[in-house]
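Values quoted throughout were computed directly from the atomic coordinates according to the rules given, and no laboratory measurement underlies them. Note that this is a predicted model, so its numbers are computed, not measured. Don't worry about glycine lacking a Cβ; one is built from the backbone with ideal geometry, like all the others, and counts go over all protein chains shown.
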Amino acid sequence: MRSIQITLTIILSALALTSFANHSPGVTVFPQVGITTYSGASEIGVDPNYGLGVGYQFTSPWAIELTYLKGSSSVNDGTQNNLDVYQWHLNGLYHFYTSEKIRPYITFGIGEADFNFTNDPANTERQTNVGVGIKWQGWRNTDFRTGFKVYNGHEDELVRSTFNVGIHHVITNSTKPNSRTSSRVAATGISDSDGDGVANSKDQCPNSPSGQIVNKVGCLAEQDRDRDGVTDANDKCPGTTNAKNVIDAQGCYITTRQPVELNVLFQFDFDSSATKPEHINEAEKIATFAKTHSGASVALSGHTDDIGASAYNQALSQARVSAVAKLVEMNTRITKSRISLKSYGETKPKKKGADIASRRANRRVEGTVKAVAETQKKK
């Protein structure tokens, strides 16, 4: 047993000195299952086991791990004696090579094992171990892992070896991109001054900021987070995510502008400039239009019938249009500066004639609300 351990230690230590790798630091978790073999003289069968390893991966190739394994077996001596084994070990791990897919390592450590036989009291022995393992990349920060260890017991030397498989996960806050690519570059001895995973000989941007994603020539990768076809560096309108709309070269929606207008009418009683309840309905039409189209303006014109003196009717039309303008200000968000007033007296009748219906139609204030409608152009 000791000769095997010494041989493994010498061979694997020599391999470990041949290269170097960097890793994302963080807490590691390794749930595992496997088998335990025992010395031939113990008459103990092969033992299935399960356990958990918790440790920490440093930025260097080194990691530490506290491992717990629990197994159950039987003794083949005719006594129907059963055995429960509990192993605790503190191990060091050294990753001696790293590629994009695999990370082999050596491990060594110390600990103890508790042996609980059915017919005997519990026995505890100190142990040392040495072993090898390999990790295969599965997902980001998560690997498939397998490991083989041999043990040296300081008392009974019951445990010979363990072989385990499981899932290895690193809980990390590291934002370093392409960590395995960077490690591979470092492991081959090629210079990578800015640590972006691209060798200096191929790096067209030798001073890439730390923590950024780069392309194959070492320059910042062109990202398009809103997926509008315009890279973030050139996107003047981030967040344009509606794929049904047309987007310009600056990443903004293309809009079309079209003039729109609304016509309203305020009828007045004979020889009166007082507003009436139905006028509120017309003012609300203006308010709704202005909410939909920002920047709306209103043009109001006051009129009268032909009864009375022209000068009197001119003043009456002015009073009517002023009353409507005040009503519009009170019931809409349109400011006074965007309301224009004109009074025409009896000079612009809507209907010509001296009959009652024509004169009633001419006692009015007409309003025209204008704005420019902007709509996003569709594909």
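What to note about this one:
- Among the trypsin sites (Lys or Arg not before Pro) found in segment 286-372, those both in a DSSP coil and sparsely packed, with 15 or fewer other Cβ atoms within 10 Å of their Cβ, are Arg333, Lys350, Lys351, Lys352.
- With a simple spin-label model that places each label point 7 Å from the Cα along the Cα-to-Cβ direction, the separation between Ser201 and Phe58 comes to 3.1 nm.
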